[in-house]
Protein chains: 2
Amino acid sequence: MIIKCKKNLLTSAINIVSKAVSTKTTMPILECILLKAEGGKVYLTANNLELGIETVIDATVLEEGQVALEAKIFSDIIRKLPDSEIDLETTSDIRVDIRCEKSKFTIPCRSGDEFSPLPSIEKENSIRISQMALRDIIRQTIFSVSDNESTKMMTGEYFEVKDNQLIVISLDGHRISRRKINLAGENKDVKVVVPGKTLQELSKIINGDAEDMVDIFFSDRHLLFEFEDTRVVSRLIEGEYFKITNMMTMGHSLAVKANKKEFMGIIDRASPLIQETDKKPIIVSVKNDNNLYVRLDTNLGSMKEEMEIEKEGDEIIIGFNPKFLMDAMRVIDDDDVNIYMMDSKNPCIIKDAEESYVYIILPININTDVYA
Amino acid sequence: MIIKCKKNLLTSAINIVSKAVSTKTTMPILECILLKAEGGKVYLTANNLELGIETVIDATVLEEGQVALEAKIFSDIIRKLPDSEIDLETTSDIRVDIRCEKSKFTIPCRSGDEFSPLPSIEKENSIRISQMALRDIIRQTIFSVSDNESTKMMTGEYFEVKDNQLIVISLDGHRISRRKINLAGENKDVKVVVPGKTLQELSKIINGDAEDMVDIFFSDRHLLFEFEDTRVVSRLIEGEYFKITNMMTMGHSLAVKANKKEFMGIIDRASPLIQETDKKPIIVSVKNDNNLYVRLDTNLGSMKEEMEIEKEGDEIIIGFNPKFLMDAMRVIDDDDVNIYMMDSKNPCIIKDAEESYVYIILPININTDVYA
């Protein structure tokens, strides 16, 4: 294989496919990027067997062929080269020469035949959404997937297509996040569970523009995201996702409307008193005036603050993990948030009028008499 | 103690004195900041017994007094408060209330009497230099102090005042850095060794302006830096510093003048091939043309590159730890560097014509026949 290509194109392509390179593996080939030169193009592929990414750049192909290069060293070398033309040539089965201006590198390589190709996905069933919408959906749900691999299903996000809407749900046993957007055209119903890691990596490489689209193809065991020159293939998590309908339709005895920034400010100011080891709840109370009272007592000290709110309904005293409140607030783009509560034992629900987003947070059990 | 002060003033003062707060200690008082309110001022002090810092801010003092507060929690709380007026009040021997707008914090405190005051320094012997000069000197020498506490003397920097010049030297057994600047006025001769950590922290809190001055007072066991509202007191490292005169006056058989940016570029491009565990030297050769040849061969691969230079003298092949070359290049502000070498066994010297800076780097032993 002998190719000439532009440094900036190669760097961007490496950055994209690197998201699917294994870092912890005993199989060295999974730490590689495959370069395949064919008909004026170079295809770059990485595949950790859960997630595979392929992208393509223009190049001058002097000799077609393919080669697998250890991703870290290859990417480090290319990134530091001058912004100029790069020559890459396999000089034997185990050596590649890289030249750029006066620099010449020789690094080891592996045969491209060792590399596992991406699974081929039938393109029958698909939806199309903007890169911006996809990125927002991921940002607004990804924080509540579990990172505990022993409950595999919780490490994924539920994607459901129904009545030409895309519904995305994540949950970790303490909270649930749900986003819903309308899809254009007619769409077949689908239910799949997508690994959280796939979505995390995907959201780093989609550009987030409202005009640029992503096609998502669903097959039995895989999902394919196609956009611009890039294809992202992910395994699905197999099995039945959790039923959350009961939680979603729960009633409330108190509705609060609060300025989001102000509420976040209070939780943020309380954070210096929070220690990982002592899981003290932040106490939220609504009394018979138009204030929301927040307090926190930990081994490090105590804090109290209140803010004006609009409200309708009963008084309440309820305790939360402050991080869970903060995580939800942080991804809501509205200026005001609507918080619905029942009592100190039942979860609170944060949602907008159209339920385009719904965040459900379980409370922490507290002795409400102490805080009355 | 009851005070009112501005949040931004208090935050800046905390940031300054925090540099002298102990983080690893079994004595809780060393993790504290002392606040002392007296005559319309609040003095903040931290002292880890090696390094002590005191600074002062304007405040409304409603009741004089002093109190010691755990630095981390105090600083975290203050930093997150709104940019407004802060009320601070000791409510008992063990509690402080902090109020700002609608926030109210209560945190534990310690008696100010537990706190070790800064040692008092006789102000007899001093020099005055600009904050910019002091910051430059530290930046241009600090990288070659040793962090190995078992050779205590190498963890410090030698400050010598002689013939109205300030000479600063650091060395770690593999390299030596020396900076020299002229002092204004008449100055007494001095020789002291200042802990590297003191200089590191100091350079974070001096503003680096050419117009703002620092007074440095020397006593037998301590050094005092005074600037604006801040006093930094450091213990000295006691004992005789290393004699380096022989190294400094060594001859050379080859003088090279190279573009610094270009040379740094080459070393930087070689860096992906360097592994911590395999200490392969970067090989620098000068032959009978006007090029400097650089090559590196490691387990990860090999690289070669050359650059045009001006030179005078013999041919050479010499190996270096690339990090040491890079560290020196990075702090030199000139466009071109002059490198003087003798042979593959003797150190290279990088210096300007006036010897305002001199960097000496020991080579790594190589078999020169292999690279000839």
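The values are calculated or read from the model by the stated rules, or taken from the named source; none is laboratory data. Here the structure is a predicted model, which is why all the values come from computation and not from measurement. Positions of Cβ are generated from backbone atoms using ideal geometry, with glycine treated the same way; all protein chains shown enter the neighbour counts. For accessibility, only protein heavy atoms count, side chains too; no ligands or nucleic acids. Shrake-Rupley method; radii C 1.70, N 1.55, O 1.52, S 1.80 Å.
Below are the figures for this structure:
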| read-out | value |
| --- | --- |
| Test: A:Ile181 is in contact (Cβ under 8 Å) with a residue 24 or more places away in the chain and in a strand (DSSP E or B) | yes |
| Candidate set: the range A:63-110, residues that are small (Gly, Ala, Ser), over 33 Å from the mean Cα position of the chain (by Cα) and open to solvent by 10 Å² or more (accessible area, probe 1.4 Å); chosen: the one nearest to B:Lys304 (Cα to Cα) | A:Ser84 |
| Filter result for the condition that a residue is under 20 Å from the mean Cα position of the chain (by Cα) and surrounded by 14 or more Cβ atoms within 10 Å (Cβ to Cβ), over B:Ile350, B:Ile361 | B:Ile361 |
| Filtered residue count, the range A:271-291, keeping only those that are more than 9 Å from every other protein chain (Cβ to nearest Cβ) and under 32 Å from the mean Cα position of the chain (by Cα) | 11 |
| Hits in the range B:261-270 - residues which are facing another protein chain (nearest Cβ under 7 Å) and basic (Lys, Arg) | B:Arg269 |
| Lone qualifier among A:Ser144, A:Ser150, A:Ser126 - being closer than 27 Å to A:Asn48 by Cβ and without any contact (Cβ under 8 Å) to a residue 12 or more places away in the chain | A:Ser150 |
| Top-ranked residue of the range A:52-83 - restricted to ones that are β-branched (Val, Ile, Thr) and out of contact with any Gly (no Cβ under 7 Å at 6 or more places or on another chain), ranked as farthest from the other protein chains (Cβ to nearest Cβ) | A:Val56 |
| Lone qualifier among B:Leu44, B:Leu34 - being touching a residue at least 60 places away in the same chain (Cβ under 8 Å), over 24 Å from A:Lys304 (Cα atoms), within 26 Å of the chain's Cα centre (by Cα) and open to solvent by less than 30 Å² (accessible area, probe 1.4 Å) | B:Leu34 |
| Condition met for A:Glu124 (surrounded by fewer than 18 Cβ atoms within 10 Å (Cβ to Cβ), among the acidic types (Asp, Glu) and under 28 Å from the mean Cα position of the chain (by Cα)) | yes |
| Answer from A:Tyr371, A:Tyr293 - the residue that is at pLDDT below 95, open to solvent by 50 Å² or more (accessible area, probe 1.4 Å) and of a type in the set (Phe, Trp, Tyr) | A:Tyr371 |
| Test: residue in the range A:258-281 that is exposed (fewer than 13 other Cβ atoms within 10 Å of the Cβ) and within 24 Å of A:Asp369 (Cβ to Cβ) | yes |
| The range A:133-153: number of residues that are over 14 Å from A:Leu166 (Cβ atoms) and surrounded by 15 or more Cβ atoms within 10 Å (Cβ to Cβ) | 7 |
| The range A:84-124, residues that are at the interface with another protein chain (Cβ under 9 Å from one of its Cβ atoms) and not in a strand (DSSP E or B) | A:Glu101, A:Lys102 |
| Qualifying residue in the range A:320-343 (condition: under 25 Å from B:Phe105 (Cα atoms), assigned to a strand (DSSP E or B) and modelled with pLDDT of 95 or more) | yes |
| Residue selected from the range A:296-318 under the condition within 14 Å of another protein chain (Cβ to nearest Cβ) and small (Gly, Ala, Ser), by the criterion surrounded by the most Cβ atoms within 10 Å (Cβ to Cβ) | A:Gly301 |
| Flag for A:Glu240 being assigned to a loop (DSSP other than H, G, I, E, B) and within 22 Å of A:Arg330 (Cβ to Cβ) | no |
